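Data block below; observations after.
Read-outs throughout are calculated quantities, based only on the coordinates presented, and are distinct from any laboratory measurement. These numbers were taken from a predicted model, which means no experiment stands behind them. Using ideal geometry, Cβ is built from the backbone for each residue, glycine included, and neighbour counts are taken over all protein chains shown.
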Amino acid sequence: MVRPKLYLVTHGETALDLEGRMHGQTVDAPLTLKGWMTAQKAAKQLKDKSITKIYSSPLKRARETAQVIAQQLGVPVEVRDELLPMDIGRMAGAKSSSIEPLLNYFSARPEKPIPDGESKSAFLGRWKGFYQKLRGQKRTVAVVAHSQHALALEYVRKGTDPRKVKLWGAKAGEVHAIPIW
């Protein structure tokens, strides 16, 4: 018997990525042409993986990536709020380099919510809860979400000190294969 896997795909590139700006939940840009091409490449990587369903973040950049993959694989997409990225409040849209000290401050204090946003612990708990639901299904699925989900994957799977979980600076458009039980 083949063990079910979770294929975690980070959304493709957007104009904000090119500008070095943070997305968050409130600033949502569509995919660039390169982002669409990356989504097609991800679909090709997933073609023969026996994926039965795709779960997607509700944000445009993830939904567009999920739709490209779903069309290639012929499987349904289910949009889930649990897959939203961390809400970084008013820092959404800002240059990453200009808010890095603030991001590091809140990252080192996981229980402290970002003003008009959420705490790192709230985000990690939301992602971990969704991952646990997937484990209970025992089937191979794809999740199209955000780079924060990929960076927090080891925490979600094994548990570590949340202060050590990095949530910034990952690359868009990656595919990660993870055994889910």
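Amide H to amide H distances under 5 Å link residue 56 with 78, 79, 80, 144, where only residues 5 or more positions off or on other chains count and H is placed in the peptide plane.
Fewest-first ordering of 176, 146 by other beta carbons within 10 Å of each residue's beta carbon gives 176, 146.
Computed from Cα atoms alone, the Kirkwood hydrodynamic radius reported for segment 5-179 is 16.1 Å. Under 20 Å from a label point set 7 Å out along the Cα-to-Cβ vector of residue 100, the amide N atoms of segment 3-21 belong to 16-21.
Compared with the dominant principal axis of the Cα atoms in the chain, helix 120-137 is inclined by about 10°. Structure note, pairs 5/44; 5/133; 44/120; 34/120; 128/171; 47/166: Cα-Cα distances above 23 angstrom occur for 44/120; 34/120; 47/166. For residue 51, the shell of other residues with beta-carbons less than 13 Å away shows a net charge of +4, using +1 for Lys and Arg and -1 for Asp and Glu.
Taking packing as the residue-averaged number of other Cβ atoms within 10 angstrom, the listed peptides 153-160, 17-24, 57-64 run from highest to lowest as 57-64, 17-24, 153-160. Taking Lys and Arg as +1 and Asp and Glu as -1, the other residues whose beta-carbon sits under 15 Å from that of residue 108 total +3. Considering helices alone, the calculated mean residue ellipticity of the chain at 222 nm is -12000 deg cm²/dmol, with DSSP H runs of length four and up weighted by -39500 (n - 2.57) and normalised per residue. Extension gain, residue 160-residue 44: 0.36 nm per intervening residue step, less the Cα-Cα distance, totals 38.5 nm.
If R0 is taken as 22 Å, the Cβ-Cβ distance between residue 90 and residue 60 corresponds to a FRET efficiency of 0.65.
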